[in-house]
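Undergrad: The structure is given below, and queries will be raised subsequently.
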């Protein structure tokens with residue numbers, strides 16, 4: 001079996017509990033391989049998101065530009081889905097730009113094929129609801145951590161969950177994603193590295 005399909009199936013199962021085997025195979029069949037080279041754009045703000053992708057390998061940065069700075073919303077990594085969800089689901093211009101930080105292998109379903117799933121998969125409305133709930137629960141968890149944790153707690157939590165990422169992408173993107181300046185990020189990083197209180 002194609003390893004990309006296997007990874008995609010496992011990820012879909014984690015989103016769709018109690019999914020039937022035939023439905024899983026049908027959904028997977030609509031995803032097509034895609035490669036985005038380093039620095040190329042998956043999506044630019046202001047355009048409508050027309051695809052939903054599963055990341056097989058590589059990193060995609062989700063960010064927006066303000067008058068004063070760029071703000072990194074998230075770094076999407078292997079085994080996760082990526083899109084501007086509001087744009088994809090509601091057919092409105094995207095708020096976020098998504099750019100490849102490395103050569104990135106994707107498995108992609110475009111909007112027209114996504115809409116066909118409701119006719120091909122009998123329980124699609126239930127499955128789609130589960131997918132959206134999963135996405136928003138993840139977002140709420142991130143918002144809660146930003147509001148309830150100190151900068152150092154956010155750093156430690158993210159590092160414990162993603163230690164390898166710190167050696168694979170520019171650290172200023174992680175700092176922005178964690179809601180801190182590069183200076184604060186470096187201070188916390190040095191404090192932890194040296195074991196100082």
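Undergrad: Can you name every residue in segment 27-41 that is in a strand (DSSP E or B) and either touching a residue at least 60 places away in the same chain (Cβ under 8 Å) or touching a helix residue (DSSP H, G or I) at 6+ places or on another chain (Cβ under 7 Å) (or both)?
TA: Just the residues of segment 27-41 that are in a strand (DSSP E or B), to begin with: 32-36, 41.
Within segment 27-41, 32, 33, 34, 35, 36 qualify.
Undergrad: Further question: Can you tell me which residues in segment 113-123 are farther than 13 Å from residue 29 by Cβ and either touching a strand residue (DSSP E or B) at 6+ places or on another chain (Cβ under 8 Å) or touching a residue at least 24 places away in the same chain (Cβ under 8 Å) (or both)?
TA: Answer for segment 113-123, where residues must be farther than 13 Å from residue 29 by Cβ and either touching a strand residue (DSSP E or B) at 6+ places or on another chain (Cβ under 8 Å) or touching a residue at least 24 places away in the same chain (Cβ under 8 Å) (or both): 122, 123.
Undergrad: Still on this model: (1) more than 25 Å from residue 165 (Cβ to Cβ); (2) in contact (Cβ under 8 Å) with a residue 12 or more places away in the chain; (3) surrounded by 13 or more Cβ atoms within 10 Å (Cβ to Cβ): which one isn't true of residue 64, the others all being true?
TA: Condition (1) is where residue 64 drops out.
Undergrad: Which condition number does residue 189 fail, the rest of (1) within 19 Å of residue 71 (Cβ to Cβ); (2) surrounded by 15 or more Cβ atoms within 10 Å (Cβ to Cβ) being met?
TA: With respect to (1) within 19 Å of residue 71 (Cβ to Cβ); (2) surrounded by 15 or more Cβ atoms within 10 Å (Cβ to Cβ), residue 189 is out only on (1).
Undergrad: Does segment 44-61 hold any residues that are assigned to a strand (DSSP E or B) and touching a residue at least 60 places away in the same chain (Cβ under 8 Å), and which are they?
TA: 51, 52, 61, listed by residue number.
Undergrad: How many residues does segment 81-111 hold that are closer than 25 Å to residue 21 by Cα and free of Cβ contacts under 8 Å to residues at least 12 places away in the same chain?
TA: 0
Undergrad: Moving on. If only one of 30, 59, 41, 81 is under 27 Å from residue 116 (Cα atoms) and buried (at least 20 other Cβ atoms within 10 Å of the Cβ), which one is it?
TA: Result: 81 is the single residue among 30, 59, 41, 81 that is under 27 Å from residue 116 (Cα atoms) and buried (at least 20 other Cβ atoms within 10 Å of the Cβ).
Undergrad: Before we move on, is residue 24 in contact with a strand residue (DSSP E or B) (Cβ under 7 Å, 6 or more places away or on another chain), closer than 19 Å to residue 127 by Cα, part of a helix (DSSP H, G or I) and modelled with pLDDT under 95?
TA: no
Undergrad: Being buried (at least 16 other Cβ atoms within 10 Å of the Cβ) and either at pLDDT 95 or above or in a strand (DSSP E or B) (or both) narrows it down to one of 112, 87, so name that one. If you could, list the steps in order and put the result at the bottom.
TA: On the way: 112 fails: buried (at least 16 other Cβ atoms within 10 Å of the Cβ).
From the options 112, 87, the qualifying one is 87.
The values are calculated or read from the model by the stated rules, or taken from the named source; none is laboratory data. All figures in this text were calculated on a predicted structure; none of them were measured in a lab. A quick note on method: Cβ atoms are made from the backbone with ideal geometry, for glycine too, and the neighbour counts reach across all protein chains shown.
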